[in-house]
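Participant: Here you go, one structure.
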Amino acid sequence: MNEIAKILHAANFAAKKHSGQKRKNGEPYINHPIEVAFLLTVYGETDDAEIIAAALLHDVIEHCGVSYEEISLNFGKEIAGLVLELSDDKSLPEDERRKMQTIAARSLSENAKIIRLADKISNLSEL
């Protein structure tokens with residue numbers, strides 16, 4: 001699969017999985033991962049298809065119940081690993097999840113760190 005096809009496959013997969021979900025501001029949820037991918041390409045100056053695909057998929061485990069295995073099967077272990085790194089444990093209370101994000105941030109891979117940063121910027125822009 002070529003680089004553009006990989007990105008579009010991830011966008012399509014994420015759109016289907018986030019179908020019907022809304023952000024707190026009422027926007028369709030899919031706008032958020034698209035914005036994260038956009039921020040990475042424009043401001044992060046990345047053209048790495050695996051990073052962009054992982055950005056598009058970064059919330060499908062915690063918000064859609066998609067498994068690591070399903071992502072790995074569809075997109076490979078590298079992308080699945082990035083998505084897993086970025087996924088919170090939804091069984092924890094929100095305060096605890098935020099605390100765990102801060103602790104885990106130090107040990108994230110470089111690629112996961114830049115996706116996390118774009119995610120935070122996107123979340124802040126919603127405010």
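The values are calculated or read from the model by the stated rules, or taken from the named source; none is laboratory data. Model, not experiment: these values are computed from the prediction. Cβ placement follows ideal geometry from the backbone for every residue including glycine, while neighbour counts extend to all protein chains displayed. Protein only, heavy atoms only, side chains kept; ligands, DNA and RNA dropped before computing areas. Shrake-Rupley method; radii C 1.70, N 1.55, O 1.52, S 1.80 Å.
Participant: Confirm whether Leu73 is aliphatic (A, V, I, L, M), over 22 Å from Arg23 (Cβ atoms) and without any contact (Cβ under 8 Å) to a residue 60 or more places away in the chain. Give the derivation first.
Facilitator: Details: aliphatic (A, V, I, L, M): yes; over 22 Å from Arg23 (Cβ atoms): yes; without any contact (Cβ under 8 Å) to a residue 60 or more places away in the chain: yes.
Yes.
Participant: Please go through the stretch 1-40 and give me each residue that is within 15 Å of Leu57 (Cβ to Cβ) and of a type in the set (Val, Ile, Thr), ordered by number.
Facilitator: Across the stretch 1-40, the qualifying residues are Ile7, Ile30, Ile34, Val36.
Participant: Is it the case, given these coordinates, that Ile51 is of a type in the set (A, V, I, L, M), under 26 Å from Ala5 (Cβ atoms) and out of contact with any strand residue (DSSP E or B) (no Cβ under 6 Å at 6 or more places or on another chain)?
Facilitator: Criteria met by Ile51.
Table: residues versus (1) among the hydrophobic types (A, V, I, L, M, F, W, C); (2) at negative phi.
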site	(1), (2)
Lys22	no, yes
Gly26	no, no
Tyr29	no, yes
Ala37	yes, yes
Val42	yes, yes
Asp48	no, yes
Ala53	yes, yes
Asp59	no, yes
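Participant: Kindly indicate whether Ala105 is without any contact (Cβ under 8 Å) to a residue 40 or more places away in the chain and farther than 15 Å from Val60 by Cα.
Facilitator: Numbers: without any contact (Cβ under 8 Å) to a residue 40 or more places away in the chain: yes; farther than 15 Å from Val60 by Cα: yes.
Considered against the rule, which asks whether it is without any contact (Cβ under 8 Å) to a residue 40 or more places away in the chain and farther than 15 Å from Val60 by Cα, Ala105 comes out as yes.
Participant: Suppose the filter is open to solvent by 50 Å² or more (accessible area, probe 1.4 Å), under 22 Å from Ser91 (Cα atoms) and assigned to a helix (DSSP H, G or I); does His9 pass it?
Facilitator: No: the conditions fail for His9.
Participant: Would you please list the contacts, defined by Cβ atoms under 9 Å and residues six or more apart or on different chains, that run from a residue in the stretch 12-37 that is touching a residue at least 60 places away in the same chain (Cβ under 8 Å) to a residue that is in a helix (DSSP H, G or I) and open to solvent by 70 Å² or more (accessible area, probe 1.4 Å)?
Facilitator: As it stands, the answer is Glu35/Ile121; Glu35/Ser125; Val36/Ile121, since those pairs meet every condition given.
Participant: Here's something else I'd like to know. Between a first residue in the stretch 50-69 that is aromatic (Phe, Trp, Tyr) and a second residue that is buried (at least 24 other Cβ atoms within 10 Å of the Cβ), which pairs have beta carbons less than 8 Å apart while being 6 or more apart in sequence or on different chains?
Facilitator: Filtered contacts from the stretch 50-69: Tyr68/Val83.
Participant: So how many residues does the stretch 1-60 have that are under 18 Å from Glu85 (Cα atoms) and hydrophobic (A, V, I, L, M, F, W, C)?
Facilitator: So the answer is 14.
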